[in-house]
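Comments concern the structure below.
No value in this document is a laboratory result; all are computed from the given coordinates. Please read these numbers as outputs of a predicted model, since none were measured by experiment. Here the Cβ positions follow ideal geometry from the backbone for every residue, glycine too, while neighbour counts run over all protein chains shown.
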Amino acid sequence: MRIISIINLKGGVGKTFTAVQMAYLLNRKYSARVLLLDNDKQGNLSKVYGTYRRDGLCQTAKLLLGLETIEKITQRTEWAGIDMISANMSLLSATVQLQGEGAEDQCSRFRNLQDAADEAGNLYDYIIIDNPPDIGLNVINALMVTDDVIVPIKIDQWALEGMDIITEQIEEIRTINPKINFSGALVTMYRNNDTNVSGVDWLKLDNVKLFDTCIRYSERAAESTFYQQPVQLYSPRSAVARSYRQWVEEYVQMAGEEK
C-alpha cells in the first residue's frame, strides 16, 4: 500500500484533476483499491466523486482532530473500489484549532490513516491525498504519512514558485518519515509550442526531477469537471485522457521498481 500526496503551493495547476484521473485509472486499469483523502477545504475532489456535503464537520476534519477512526468516516463512491474521505470549509476551522495544541500532537493526527491501512492488511492498494496550495498543519500531517510526493506544474514564469519550499519540507519531514520520496514534477496543460518546449528544457536544466510524460492540454479537461466525471469516461480519446493513461503507467512502473 502506497500513500501519495499531490501538492503544489500554486493553484490552477491541475492538482485535483490529477487526483481524480489517477484514482480512476489505478482502479479501472490496474484493479487497485483506492482511498481518496480530500485535504482541501474547497472540497473539489469530494464534489467530483459525489460525496461532498456543504454543512457539518467534514470527514477529513474529524480525522485530523482525532474524533473518528478511518473505518467510520470512509465513504463509498459510485465506483466500486474507490472510497473517499471528504472535505468542506470546516477543515479550515479544524486546522486552526490544531494550532493551539502541542507540536507533537499537531503533527501526528493522520497517523491513524497509516495505522488503519496497515492493520487492515490489504484494505487499500493506494491512498491519494489531494492537498491545498499551502503548507498548513493538515498538509504537514499528510506528508508525515506519505510515500510519494507528486507536484503538478504548469509551464509559465512561475512554474518553480514554491518548489524550493516543498523540497525543503520533504527533507525536514524525512527525519520523522524516512520513507517519503519526491516522485517528480508532472507537467500539466502542456501545449506543443516553443514556450512549453523551452519551459520543459529550462526545468531540466534547473535539475527539477520530471516525469517523462507531459499531460497534454485539452478543452475536454475543463468540460469533464462540469459533468463531474473522470475525463477517461467523458472523453477517453482526448489528448488529456491519453496523457494520463501514459503517466499512470509510468508511475506504476516507477513505484514498482522502488519497492
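Highest GNM mean-square fluctuation among A142, A159, A222, for the chain modelled with Cα contacts below 10 Å: A222. Take the Cβ atoms of V197 and E257, set R0 to 35 Å, and the FRET efficiency comes out at 0.80. When all alpha carbon pairs of segment 114-246 are counted in 5 Å bins from zero, the resulting P(r) reads 2, 9, 16, 17, 17, 18, 13, 6, 2, 0, 0 %. Each Lys or Arg adds one and each Asp or Glu subtracts one; over the other residues with Cβ under 14 Å from the Cβ of I73, this totals +1.
For segment 35-132, what class follows from the C-alpha gyration tensor (a ≥ b ≥ c being the square roots of its eigenvalues): rounded when a/c is under 1.5, otherwise prolate if a/b is larger than b/c, else oblate? Verdict is oblate for segment 35-132.
Springs between alpha-carbon pairs under 10 angstrom, Gaussian network model over the chain: which of F211, F17, F226 fluctuates most? In this elastic network of the chain, the residue with the biggest mean-square fluctuation among F211, F17, F226 is F226. In the elastic network of the chain, a GNM with C-alpha springs shorter than 10 Å, the most mobile of I166, I128, I153 is I166.
Each DSSP beta bridge with both residues in segment 2-208 is either parallel or antiparallel, and the antiparallel ones are about 10%.
Cα centroid separation, segment 18-91 to segment 224-247: 20 Å.
Each residue, E250 and E78, gets one label point 7 Å from its Cα in the Cβ direction; the gap between the two is 3.1 nm. You can think of it this way: the chain between V96 and T69 has 7.6 nm of extra reach, that is 0.36 nm per residue less the Cα-Cα gap. Here the translational diffusion coefficient of segment 85-176 follows from Stokes-Einstein with Rh set to the Kirkwood radius across Cα pairs; for 25 °C and 0.890 mPa s it amounts to 165 µm²/s.
Extending 7 Å from Cα along the Cβ direction at I176 and again at Q157 yields two label points whose distance is 3.8 nm.
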